[in-house]
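Visitor: This is the structure, below, for whatever I ask next.
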Amino acid sequence: MFDDPAITTASSEDTSQAVFAIKTAPSEDSVSVFETAPPEDIVPDFKTAPAIERAPAEAPAAALSDTVKAKAADEESSTSVANVDDVQLDDSTKEYLLSLTELLHMSVVRKTELEMSSQKVEDSVKEDKVHLRRSISLVPAVSFIIGAMVGSGIFIAPKGVHINTGSVGLSLLVWALCGLLSMLGALSYAELGTSFKKSGAHYTYILETLGPLPAFLRLWSEFIFIRPAVTAYIALAFGHYVVEPFFTPCPAPLPLVKLISFLAMTFLVAVNCWSVSLASRTQVILLIVKISALVLIIIPGIMALSKGQTENFENAFNSESLTLKKLPLAFYSGLYAYSGWFALNFVTEEVINPKRNIPLAIILSMVTVTILYVLVNVAYYTMMTEDELLRSDAVAVTFTSKALPRMASLVPLLVAMSCLGAMNGGIFAVPRMLLVAAREGQWPVLFSMIHIRRKTPMPAVLLLSPLTVIMVAKGEIYQLINFASFSRWLFVALVTLGLVVHRYRFPDHPKAFKVPLAVPVIFTVVCFFIVGLSLYSDPWNTGCSLGVTFTGIPVYYLTVKHSYVPTRWRKAFDYCSRQLQILLEVIQQEVQTY
C-alpha cells in the first residue's frame, strides 16, 4: 500500500484516464531503454517480486486530492519519476532503481569526459598547426608602441626642428603640437584596430575603406622606400652613437658607422626570423633601457632649470627666421620622432584581446611619450645653447658632455640601445603588412608564408633587408627623413580619411572603441595641409617621393588587376618561389587568425 492514502486511482469508468503519481517498477522489456543494462547480480526477479498494491478501483474520482492533481500535471509535462522513498518497495527494487540512477550519472560523466578530451585533442591539433599565435599582452603591446616611437628621433630630430623654427619657444611648441596631432591619429587608429580584425595597419585600413588601388600604392611605397629609409635612418643613428664616443672630439669615420649600422640591422633581422617571443622580450628589455636614457637626460636639465639656469630661454619666441616654407619641415622632424604610434596595428592578429588592449596600449603610450619628449627638449635647451645644438649631429652626446661629464660614455650607449629598440619594432611590425597583402593577392604568395617551426613570417622579414642596406650605404640622414615623411604622412591622412568615409557608408558597423568624428577630421586636414606645404618647401625630395609612389600604378594594373606577365616569366617566378619555400621551410597559415 502507498504511504500517502490520498494517492488513488480514478473510478473504473475513467480507468483509461487514470493517472498515477508514481510509476510502478519497470517490466523486463523496459530495461532496453538504457544504453547499458544493470549488472545481473542486482536485477530483481519480477516474477517473484511482490507487486505494489494499488488503491481500490472503486474509489470515487472526486477523491483525487489537489496534491494528486498537481503531481498528475507534473507527470504529463515533464514525465518526472517520484522519489523512491515515497513508496513501499522491496530492497531489490530500490537497489535496482538506484543502480539505474548511478548508471545514468556515470554515462553523463563519461560523455562530459569524452567531450573535454575531444576539445583537448582539437586544441592540440590546432596548436600543432602552422599559424601566427596571439602572444602579445598589454605590457608587450605598450613596449612595442613606445619602443617604436622612442628611437633615434628624440636624440637627433631636435636639431631638425630648431633649424626650421629658429627659436627655442617655437621648437618646444612644435614638439607639443606634434604630440597632440599624433594623439589624434593614434586614437583614430585605435578605432580602426578594433573595427577590423586583420593585421597590416595602413594597408588593411585603406583596403577596407578606400579600395585596392590606394592600398597597393601604400604597400608599394612602404616596400620601395618608406620602411628601408626609416630603418636606415635609425641604423645610422645607432652607428653614430656607438662610434662617436671613441673618436670625440673628432668626427667618427663614416665607413665604420655604416658597418656598425649594418651589423645591428642584421642582428635584429635574425632575431625576428628566429622567434616572435624572443623579439617581444627583446623589445621589453630595450624599452627599459631607453626610458632610463630619457630619465638621465631629463633629471640634470630640470635640476639646472630649477636653480635658475634660464638664460637660453630668453627671447624664446623670436620668429625672425621662421618662414612658411620651413614650417612643414619642422613638423616632419617632430612627427618623425613621434612616428610609431601605429606599430601595434600591424600585428592585430597577434594581440591578446585586441578590443581592449589596442586602445589602452595606444593611449598609455601616447601620454607617456608626449610628456617625456617635451621634458627632454626642455633639458636640452637648459644645458645647451642654440649654436651648440645646431652644430651637433648627436644632440644627446653633446648634452652628456656638458651635463654629465662622468657619464659621457654611458648615455650614448643607452641612446644607441634606444635606437636598437625602435629598429626592432619596425622590423617586427612592417613584414606583417606584406604578409596580409600576399594573403589578399596583392603581393607574391611566398610572403604570406611563415616558418613551420619558428612561426615567424620569415620571407617578409628578409625581403626588406636589401633595400635597407642600399640606403644605409648611400643615404644622408636628414634627406632620408624628408624623402620618407611625405609619402608616409600622405597615406596616414588617407587612412583617417577612410575612417570618415567608412563611418558614413557603414554607420551600423560594430565598434568596440569609437572616437568623436572631429578627431579623424582634424587629423586628416592637418596632415593634408603639412603634406601640401612640403611640396612647396622641399619640392625635390617630396617630388621624388610622390613619383616613386606613382610608379606603383602600372605595377598594379599589370600584375594585380590584370595579369599581363608573360607565361615564361611567371613559370620562372613560380619555380624560384618553390625553391625559396623549400629553402626557408615556410608554408601558408593552416589556421585563420582573423
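Visitor: Out of the trypsin sites (Lys or Arg not before Pro) in the range 210-310, which ones are loop residues according to DSSP with at most 16 other C-beta atoms within 10 Å?
Guide: Lys307
Visitor: If you don't mind, there's one more thing I want to ask. How would you rank His162, His562, His451, His202, going from fewest to most other Cβ atoms within 10 Å of each one's own Cβ? Each step should come with its number before you reach the end.
Guide: Values: His162 24, His562 9, His451 19, His202 27.
Fewest to most other Cβ atoms nearby, the residues stand as His562, His451, His162, His202.
Visitor: Okay, next question. For Asp538, list long-range residues whose amide hydrogen, built 1.01 Å from N in the peptide plane, is under 5 Å from its own amide hydrogen.
Guide: Counting only residues 5 or more places away or on other chains, the set is empty.
Visitor: Give me, ordered by chain and number, the residues 5 or more places off Gln589 or on other chains with an amide H under 5 Å from its own placed amide H.
Guide: Long-range HN contacts for Gln589: Ile450.
Visitor: Give me Met183, Met303, Met366 ranked fewest to most by other Cβ atoms within 10 Å of their Cβ, as a rough exposure proxy.
Guide: Listing Met183, Met303, Met366 from fewest to most nearby Cβ atoms yields Met303, Met183, Met366.
Visitor: If you don't mind, there's one more thing I want to ask. Hey, what do the phi angles of the range 529-543 turn into as Karplus ³J(HN,Hα) couplings, whole Hz, using 6.51/-1.76/1.60 and θ = phi - 60°, x for Gly and Pro?
Guide: So the Karplus estimates, Gly and Pro as x, are 5, 5, 5, x, 5, 5, 5, 7, 7, 9, x, 5, 5, 5, x Hz.
Visitor: While we're looking at this one, here's another question. If amide hydrogens are placed 1.01 Å from N in the peptide plane, which non-local residues have theirs closer than 5 Å to the one on Phe317?
Guide: For Phe317, the qualifying residues are Gly169.
Visitor: Ok, one more. By count of other Cβ within 10 Å, fewest leading, how are Thr542, Thr549 ordered? Walk me through the numbers before you get to the answer.
Guide: Numbers: Thr542 24, Thr549 21.
Listing Thr542, Thr549 from fewest to most nearby Cβ atoms yields Thr549, Thr542.
Visitor: Whole-Hz Karplus ³J(HN,Hα) for the range 579-589, in order, using 6.51 cos²θ - 1.76 cosθ + 1.60 and θ = phi - 60°, x for Gly and Pro?
Guide: Once θ is set to phi - 60°, the couplings for the range 579-589 become 5, 5, 4, 5, 5, 7, 6, 10, 9, 6, 4 Hz.
Visitor: Tell me which trypsin sites (Lys or Arg not before Pro) from the range 312-396 have a DSSP coil assignment and no more than 15 other beta carbons within 10 Å of their own.
Guide: Qualifying residues, ordered by number: Lys325.
Visitor: Before anything else, pin down the relative contact order of the range 135-588: Cα pairs under 8 Å, at least 6 apart, normalised by residue count, whole percent.
Guide: Relative CO of the range 135-588 lands at 33 percent.
Visitor: Report, in listed order, any pair from Lys290/Lys455; Lys129/Lys198; Lys129/Lys511 with a Cα-Cα distance greater than 26 Å.
Guide: Over 26 Å apart, Cα to Cα: Lys290/Lys455; Lys129/Lys511.
Visitor: Same structure again: Between Leu138 and Trp274, what is the FRET efficiency for a Förster distance of 35 Å, r being their Cβ-Cβ separation, to the nearest 0.05?
Guide: That gives a FRET efficiency of 0.90.
Visitor: Residue-wise, which Karplus ³J(HN,Hα) couplings in Hz belong to the range 420-431, taking 6.51 cos²θ - 1.76 cosθ + 1.60, θ = phi - 60°, and x for glycine or proline?
Guide: Per residue, the Karplus-derived 3J(HN,Hα) values read 4, x, 5, 5, 5, x, x, 5, 6, 7, 5, x Hz.
Values in this text are rule-based calculations from the coordinates and carry no lab data. Source: prediction; values computed, not measured. No Cβ is skipped: glycine too gets one built from the backbone with ideal geometry, and neighbour counts run over all protein chains shown.
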